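Written out below as structure tokens is the structure these notes cover.
The values are calculated or read from the model by the stated rules, or taken from the named source; none is laboratory data. All values derive from a computational prediction rather than experimental measurement. Don't worry about glycine lacking a Cβ; one is built from the backbone with ideal geometry, like all the others, and counts go over all protein chains shown. Only protein heavy atoms, including side chains, enter the accessible area calculation; ligands, DNA and RNA are left aside. Shrake-Rupley method; radii C 1.70, N 1.55, O 1.52, S 1.80 Å.
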Amino acid sequence: MKKQLMSKTLLLAMTLGLGACAMGPDYIRPAAPVASVVGNQPADIATPQWGTYFSDPALNGVIEKALANNRDLKVATARIEEARALYGIQKADFLPSVNANASGNISRSKPDADISRRYEANLALLSYEVDFWGRVRRLSEAAKANYLASEEAQQSVRSTLIADVANSYYSAQALQARSRFAEQTAKARAESLRVVKRRMDVGVANRLDLLQAEAAQDSAISDHTALARQAANAQTALAVLVGEAVSLPVADLNADVVQLPGGLNSTVLLERPDVRAAEQKLVAANANIGAARAAFFPKVTLMGSGGVVSNELEDLFSGGNRAWSFLPQISLPLFDGGRLRAGADIAEARKVIAVAEYEKAIQLAFKDAADVLSDQVWLSKQLTAQQRLAERQAQRLKLAEVRYASGLAGYLDVLDAQREFYNASQGLIETQRARLAASAQAFKALGGK
């Protein structure tokens, strides 16, 4: 009868604990602190997938290697496992811990006394908290949210890595192209220098023309060496991101890129992994407030055991006497020097911080998207203008060289045309790189996977 009473009491307590209402507050997503539309003609678009987003097969191969080797991504993945394990530990507090125990005690109080024997075997319920006020539930909710936040943080690291690899890849290719053009320019100016020397030999050119031609060649050589150094450093930076050396193909700086619509609905940005991670941290902070509030209420814990006792080991399970104990306990905080109140205040303050960080993440996402849409429009116009400029400066250079060879213009006109053509061509390569980099940034801005 007593055993049945204990079983019913345990069952009732567990039912009450599992069915209890958790202390508030309930989570409510804050309103987004940005406009509902980014740009003009808003549209909903799907999250880009890197395998189809980038059109360069060589770049896709580099990204694949980076996803396999990058150390930051490995750290973020390991943190997911850590958070998952912590969530599993916290969730286990919902269930009682039961241990199987067995013991034996053989003793004699004095030399001529009989030997006393006692053997026990039991199942023990270890200090199970009945979750009347939802404290354990709220802690488990917070642990789950932190676990989900770590997953989203890993996805954010992955998205950023892909964009950074693409951007570094484009930068290294552009610097290689600029270095090659500077090298070609140095060779062309060496040929111009030979022309000037021949003209000096026949008395058509003067010493000033020679010095100007030599200075122009030296300037091109200096630019080539500087750009070659930058290109080597850029390739090293790319290798660090990827985790191994990368062999770059000849750049196709006019490659097609994904064109975004003229505008986006801001709700698209809520699906970015960094925004979702910030929201999960806010969910955890909100749940911790409930746990801190529940700590003000009485805490009910149960301990108990049931088993058999015998004076003979061989009779322990056959002829042993049944034994049990049931130790319910309730504790109510009366005075703790303000510790519980301080804990609740900390939880409230951390929620305020989490709200601000969530709103900041949304604002950053909005800025990224707005910048990408702006870059897409203006870089397209800039590229068209820069292409026309480079073509016209090339025509100007040819005309200046012809006029100089015919004696209709001085060498200063040739030098000026060379300099303007060189700057326009280098500017064209840089604009092409910026267009490709904006495409990589768009992948990150949209939370690409």
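Let me make sure I get this right: for the range 166-255, a, b and c are the square roots of the gyration tensor eigenvalues over alpha carbons, sorted descending. Under 1.5 in a/c it's rounded, otherwise prolate if a/b > b/c, else oblate. Which is it? Kindly include the intermediate steps, with their values, before the conclusion.
On the way: a/c = 4.87, a/b = 3.33, b/c = 1.46.
Verdict is prolate for the range 166-255.
Over all pairs of distinct alpha carbons, what does the Kirkwood formula give as the hydrodynamic radius of the range 291-367, in Å?
Working: mean 1/r = 0.0565 Å⁻¹.
So the Kirkwood estimate lands at 17.7 Å.
Can you list the GluC sites (Glu not before Pro) in the range 253-341 that are in a DSSP coil and have 12 or fewer other beta carbons within 10 angstrom?
Working: sites: E271, E279, E312, E314; in loops: E312.
Filter output for the range 253-341: E312.
Can you work out the accessible area per residue across the range 400-447, with the rest of the protein chains kept in place, probe 1.4 Å, in square angstrom?
Details: 1830 Å² over 48 residues.
With all protein chains present, the range 400-447 gives 38 Å² per residue.
Among the lysines, select those whose C-alpha is under 30 Å from the C-alpha of K381, and discard any that sit fewer than 8 residues away in the same chain.
K367, K398, K444, K449
Given charges of +1 on the Cβ of Lys and Arg and -1 on the Cβ of Asp and Glu, with all other atoms neutral, how large is the dipole of the chain about its Cα centre, in debye to the nearest 20? Intermediate values should be presented prior to the final figure.
Working: 52 positive and 47 negative charges, 67 e Å.
With only Lys, Arg, Asp and Glu charged at Cβ, the dipole is about 320 debye.
Which of the listed residues, L67, L86, V136, is farthest toward the dipole's positive end in the chain, when Lys, Arg count +1 and Asp, Glu count -1 at the beta-carbon?
Comparing the listed Cα positions along the dipole, V136 ranks first.
Whole percent per 10 Å bin, from 0 to the bin with the longest distance: what is P(r) over all C-alpha pairs of the range 340-449?
Spelled out per bin, shortest first, that is 13, 22, 18, 15, 12, 9, 6, 3, 1, 0.
Is the C-alpha gyration tensor of the range 85-219 telling us rounded, prolate or oblate? Criteria: a/c under 1.5 is rounded; beyond that, a/b larger than b/c is prolate, otherwise oblate. Each step should come with its number before you reach the end.
Details: a/c = 9.40, a/b = 4.06, b/c = 2.31.
Verdict is prolate for the range 85-219.
Taking the Cα atoms only, what angle lies between the long axis of helix 411-445 and the longest principal axis of the chain, rounded to 10 degrees?
Approximately 20 degrees, to the nearest ten.
Using a 1.4 Å probe and ignoring any ligands, DNA or RNA, find the accessible area of L73 and quote it in Å² to the nearest 10.
So the heavy atoms of L73 present about 10 Å² to solvent.
Which value, in debye to the nearest 20, describes the size of the charge dipole of the range 386-431 about its Cα centre when Lys and Arg Cβ atoms bear +1, Asp and Glu Cβ atoms bear -1, and nothing else is charged? The partial results should precede the final answer.
Numbers: 6 positive and 6 negative charges, 27 e Å.
Charge dipole, the range 386-431, about its Cα centre: 120 debye, nearest 20.
For F132, which sequence-distant residues (separation of 5 or more, or a different chain) have an amide H within less than 5 Å of its own amide H, given hydrogens modelled in the peptide plane?
The list, which skips near neighbours in sequence, is V300.
Let me check something: with ligands and nucleic acids excluded, how do T185, T52 order by accessible area (1.4 Å probe), largest to smallest? All intermediate terms of the calculation are to be shown ahead of the outcome.
On the way: T185 15, T52 115 Å².
From most accessible down to least: T52, T185.
With a ≥ b ≥ c the root eigenvalues of the C-alpha gyration tensor of the range 22-156, is it rounded (a/c under 1.5), prolate (a/b larger than b/c) or oblate?
Values: a/c = 6.22, a/b = 2.27, b/c = 2.74.
Oblate, since a/c reaches 1.5 and b/c is not below a/b.
At most 11 other Cβ atoms within 10 Å and a DSSP loop assignment: could you name the trypsin sites (Lys or Arg not before Pro) in the range 47-112 that fit? Show your work: numbers first, answer last.
On the way: sites: K65, R71, K74, R79, R84, K91, R108; in loops: R108.
Here the sparse-neighbourhood loop sites are R108.
Please compute the net charge surrounding Q395, taking Lys and Arg as +1 and Asp and Glu as -1 over other residues with Cβ under 12 Å from its Cβ. Display every interim value, and only then the final one.
Values: positive: R388, R392, R396, K398; negative: E391, E401, E420.
Combined, the nearby Lys, Arg, Asp and Glu give +1.
Write down the accessible area per residue of the range 221-333 in Å², having rolled a 1.4 Å probe over the full set of protein chains. Mind showing how you got there, number by number?
Numbers: 5810 Å² over 113 residues.
It amounts to 51 Å² per residue over the range 221-333.
Let me see the P(r) profile for the chain: every Cα-Cα distance counted, bins of 10 Å, each bin given as a percent of all pairs.
Bin by bin from 0 Å, the calculated values are 4, 14, 16, 15, 13, 11, 9, 7, 5, 3, 2, 1, 0, 0.
How large is the Kirkwood hydrodynamic radius of the range 229-376, in angstrom, based on all distinct alpha carbon pairs? Mind dumping the intermediate values first?
Numbers: mean 1/r = 0.0435 Å⁻¹.
Here the Kirkwood hydrodynamic radius works out to 23.0 Å.
Determine ³J(HN,Hα), in whole Hz, for all residues of the range 341-358 in sequence, where each value follows from phi through the Karplus function 6.51 cos²θ - 1.76 cosθ + 1.60 and θ = phi - 60°; x replaces Gly and Pro.
Values per residue, Gly and Pro as x: 4, 5, x, 5, 5, 4, 4, 5, 5, 5, 5, 4, 4, 5, 4, 4, 5, 5 Hz.
Simple spin-label model, 7 Å along Cα-to-Cβ: E391 to D416 in nm?
In this crude label model, E391 to D416 measures out at 2.4 nm.
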